[in-house]
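To start, the structure under review is shown below, and the notes come after it.
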Amino acid sequence: MNKILVTGARGQIGSDLVSALREHYGATNVIESGWRAPPHLSESQLFESLDVTDQRQLYKLIEYHQIDTIYHLAGVLSAKGEQHPERCWNVNVNGLRNVLEAAKCFGIQVFFPSSIAVFGPHSPKLDTPQVTVEDPTTMYGITKVTGELLCQYYAQQGVDVRSLRLPGIISYSAPPGGGTTDFAVEMFHAAVQFGTYTCFVRPETRLPMMYMPDAIRAILGLMQAAPTAITIRSSYNITAVSFSAAELAAEIQKHLPDFVCHYKPDFRQAIADSWPSVIDDSRARADWGWKHKYNLAAIVEEMIGEIGFRSQKAGN
Ligand code: SER
């Protein structure tokens with residue numbers, strides 16, 4: 001029986017992952033947690049306030065709900081992390097260590113999202129291998145490298161921890177919170193609502209990306225794979241598509257011909273420049289059968305449709 005805790009449940013990935021987990025495992029078996037309760041809780045929604053840096057609070061919650069699986073999504077992303085490096089370290093590293101320590105104590109399975117941000121200027125930019133130079137330039141990237149090492153360390157001690165180096169995630173349900181790949185999501189909303197967007201990275205900036213339904217399938221696929229299939233306990237490279245900001249704008253223009261994209265790079269350009277353009281995820285594909293479904297055209301078609309439908313419904 002799975003009794004699941006999701007930390008950072010109200011974030012971009014959490015919002016969609018919680019729905020998928022509720023469908024798969026039953027609503028009463030999924031406990032959402034985060035800083036603040038959602039404004040509207042449905043009757044079947046179980047929410048607990050949790051600061052992952054507070055070990056006692058975490059242990060109490062685990063014991064009370066008899067948790068056996070944690071999707072540990074609470075974290076500070078790359079751009080926010082540069083503005084609040086101390087908080088980024090504290091939440092991303094100390095929070096994870098608390099979760100892994102609890103996992104060791106209570107025999108809990110853990111999912112940890114790592115990131116393409118573990119790579120840096122000396123990592124190969126194209127087909128970045130699973131094992132290569134990792135020299136991140138951001139506090140976020142440093143916390144993710146540290147996180148991966150912690151996962152590997154605790155796995156050696158018997159913890160069933162599994163992790164993915166996620167690329168930029170594109171979705172319409174909840175906004176991303178302070179990442180560098182956020183421009184891709186922002187562009188869709190601005191295109192539908194205003195017909196114009198000022199992008200904070202240059203047009204040729206190309207990064208690995210993935211549509212949310214693929215990301216959810218990847219996370220659930222990894223967590224459901226037989227333990228013997230998992231040969232990497234730090235974190236798997238994983239990707240779907242790579243495209244530049246200009247290519248995304250051009251694909252959006254196929255649906256919204258009047259859309260205009262301007263470019264005004266800010267401090268996030270340097271972060272994007274330090275990350276790979278295309279990563280090699282062949283180990284994930286070979287070990288546990290990872291396969292993406294959505295290419296750029298499919299992502300854009302669905303995103304434009306969903307955002308348009310939602311803004312019509314909201315009366316915008
Ligand atoms: N999407 C994340 C960010 O931009 C990368 O992991 O911070």
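Taking the criterion of being closer than 16 Å to H40 by Cβ and at pLDDT 95 or above, the only residue of the range 1-13 that qualifies is A9.
Of all residues in the range 120-133, those that are in contact (Cβ under 8 Å) with a residue 24 or more places away in the chain have Cβ atoms under 6 Å from Cβ atoms of residues that are of a type in the set (A, V, I, L, M, F, W, C) and exposed (fewer than 14 other Cβ atoms within 10 Å of the Cβ), 6 or more apart or on another chain, in S123/V133. Out of the residues in the range 110-146 that are open to solvent by less than 30 Å² (accessible area, probe 1.4 Å) and polar (S, T, N, Q), state the one that is nearest to the ligand (Cβ to nearest atom). Out of the qualifying residues, it is S115. When each of E148, E86 is tested for being among the acidic types (D, E), at pLDDT 95 or above, in a helix (DSSP H, G or I) and touching a strand residue (DSSP E or B) at 6+ places or on another chain (Cβ under 7 Å), the lone residue that passes is E148. M212 meets each of the listed conditions (1) of a type in the set (A, V, I, L, M); (2) more than 21 Å from P276 (Cα to Cα); (3) within 20 Å of the chain's Cα centre (by Cα) apart from (2). Scanning the range 68-82 turns up no residue that is of a type in the set (A, V, I, L, M, F, W, C), out of contact with any helix residue (DSSP H, G or I) (no Cβ under 8 Å at 6 or more places or on another chain) and in a helix (DSSP H, G or I). Within the range 275-287, one or more residues are modelled with pLDDT of 95 or more, in contact with a Ser or Thr (Cβ under 7 Å, 6 or more places away or on another chain), crowded, with 16+ Cβ neighbours inside 10 Å and part of a helix (DSSP H, G or I).
Of all residues in the range 42-92, those that are open to solvent by less than 10 Å² (accessible area, probe 1.4 Å), more than 19 Å from the chain's Cα centre (by Cα) and within 16 Å of the ligand (Cβ to nearest atom) total 0.
Among the residues of the range 164-192, just one is at pLDDT below 95 and of a type in the set (S, T, N, Q), namely S173. Looking across the range 288-315, the residues that are open to solvent by 20 Å² or more (accessible area, probe 1.4 Å) and outside any helix (DSSP H, G or I) come down to G289, K291, H292, K293, Y294, N295, A314, G315. For the range 88-124, residues that are more than 20 Å from A9 (Cβ to Cβ) and in contact with a Lys or Arg (Cβ under 9 Å, 6 or more places away or on another chain) total 4. State all residues of the range 116-133 that are out of contact with any Gly (no Cβ under 8 Å at 6 or more places or on another chain) and assigned to a loop (DSSP other than H, G, I, E, B); if no residue qualifies, say none. Correct list: P121, H122, S123, P124, K125, L126, D127, P129, Q130, V131, T132. Which condition number does G107 fail, the rest of (1) among the small types (G, A, S); (2) closer than 28 Å to V30 by Cβ; (3) surrounded by 15 or more Cβ atoms within 10 Å (Cβ to Cβ); (4) over 18 Å from the mean Cα position of the chain (by Cα) being met? Unmet for G107, out of (1) among the small types (G, A, S); (2) closer than 28 Å to V30 by Cβ; (3) surrounded by 15 or more Cβ atoms within 10 Å (Cβ to Cβ); (4) over 18 Å from the mean Cα position of the chain (by Cα): (3).
In summary, strands (runs of 3 or more DSSP E) completely within the range 1-66 and bearing 1 or more residues that are closer than 24 Å to D182 by Cα occur at 4-7, 30-34. Close contacts from the range 78-91, counting a first residue that is more than 16 Å from P113 (Cα to Cα) and a second that is of a type in the set (D, E, K, R) and within 12 Å of the ligand (Cβ to nearest atom), with Cβ to Cβ under 6 Å and a gap of 6+ residues or different chains, come to A79/R268.
Considering the conditions (1) under 15 Å from E148 (Cβ atoms); (2) within 14 Å of the ligand (Cβ to nearest atom), R97 is excluded by exactly one of them, (2).
The values are calculated or read from the model by the stated rules, or taken from the named source; none is laboratory data. In this text, all values refer to a predicted model and were calculated from it rather than measured experimentally. Positions of Cβ are backbone-derived with ideal geometry, glycine not excepted, and every protein chain shown enters the neighbour counts. In case anyone asks, the SASA skips ligands and DNA or RNA and just uses the protein heavy atoms, side chains included. Shrake-Rupley method; radii C 1.70, N 1.55, O 1.52, S 1.80 Å.
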